1. Counting only heavy atoms of the protein chains, get the accessible area per residue of the stretch 148-246 (1.4 Å probe) and round it to a whole Å² value.
2. Among SER137, ALA32, ILE12, whose Cα sits farthest toward the positive end of the charge dipole of the chain (+1 at Cβ of Lys/Arg, -1 at Cβ of Asp/Glu, about the Cα centre)?
3. Do the sum for the chain: with -39,500 (n - 2.57) for every DSSP H run of n ≥ 4, divided by all residues, what is the mean residue ellipticity at 222 nm, to the nearest 500 deg cm²/dmol?
4. Subtract the Cα-Cα distance of PHE142 and ASP222 from 0.36 nm times their separation in residues, and report this length gain in nm to one decimal.
5. Based on the Cβ-Cβ distance of VAL19 and LEU237, what FRET efficiency does E = 1/(1 + (r/R0)^6) give at R0 = 41 Å, to the nearest 0.05?
6. Normalised by the number of residues in the chain, what is the relative contact order in percent for Cα pairs under 8 Å and 6+ residues apart?
7. Considering only the other residues whose Cβ falls under 15 Å of the Cβ of ALA116, what net charge follows from Lys and Arg at +1 and Asp and Glu at -1?
8. By average Cβ neighbour count within 10 Å, what is the ranking of 74-85, 149-160 from highest down?
Amino acid sequence: FVALGVFALSVIIGSLLLVVLLGGNLADGIPAQYTFITYMVQMLPVIIFIAIRRRSLGLGCGMKLGAGKVNPPLVLWGLLLVLIAGVVIEPLLATMPEESLDALEGAIGSGGWALATTTLCAPILEEILFRGQILGSCRERFGKFWAVIISALFFALAHFSVPQQLVNAFVVGLILGYIYVRTGSLLAVIIIHAINNGIAFVTMELSSDTADMTLREVIASDTIYWIVYGGCVAVFLLAMVNVWRT
C-alpha cells in the first residue's frame, strides 16, 4: 500500500508535468513524446522504490528476466488467450460508455513515440512492476493464488481511466500472472504483453474508424456474431487448457 501511494504521487506529478509541457492547453491533444515522458515519470519512481525495499528485505529487486525459463509453446498459447479474452468479455465491455475509448486513443497518440510507449516501455515496466515486484512480493506473504489476484487488481487499477481497459486489464493480469507463476520468467510475459499491445496499436493506426468498435458492431448480423462469439469462446477454453497443460 505504501507502493500504491508512491504510484499515486507519481501519477499526480506526471500529470502536472504534462500540464506544464502543454502550457495548460489540453484541447489540442497530447503529443506522443509528452505521453512517453509522463509515462516514464509515473512508472519509474514506484519501480525503484519497490526494488530498494525488496533488496533491503533480501528478496532481490524483482527485475530478473528469467530468459532461460521462457517456454515458446506456452508463450504462444498465452498470447492467443490474451488476444481472444477481449472478445470473450466483449458483452460486458459493450455495456460501458464508448466515449472513454475515444479519449484513450487521443491520449496514446500515433507515430514512433507512441509505438515506443505502448510496445516497449509499457510491457517492460508494467511486467517488472506488477508481475516481478508486486506479484513476487505478495507471493511471499499470501501464496500464489492470492498473489495473482492482487497483482491483477493493481494492474487493473493502473488502467482506471477507461472502464473497458480496467476490466480487460484485470482479465489479462490474471492470465499473465498465472503464466509468470508457472514459468518464473518475466521475459515470457513481457513478450506476450508487447505483442498484444503491438497488435492493438497497429489496429488503431490502420483502422482508426473501426478501432473503437466492438465485434458486434463490425458484424452487422446478430446470428453471425453469436456464431463467431461461440467459436471464440471455444478457442479461449482450448487455449486455457493448453496453457495449463503446457
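1. Accessible area per residue, the stretch 148-246: 49 Å².
2. Toward the positive end, the furthest listed residue is SER137.
3. -23000 deg cm²/dmol
4. Length gained, PHE142 through ASP222: 24.4 nm.
5. Calculated value: 0.35.
6. Worked out over the chain, it gives 27 percent.
7. -2
8. Result, highest mean Cβ count within 10 Å first: 74-85, 149-160.
The values are calculated or read from the model by the stated rules, or taken from the named source; none is laboratory data. Source: prediction; values computed, not measured. FYI the Cβ positions are ideal-geometry reconstructions off the backbone, even for glycines, and counts take in every protein chain you see. For the accessible areas, the whole protein counts, side chains as well, though only heavy atoms, and no ligand, DNA or RNA atoms are used. Shrake-Rupley method; radii C 1.70, N 1.55, O 1.52, S 1.80 Å.
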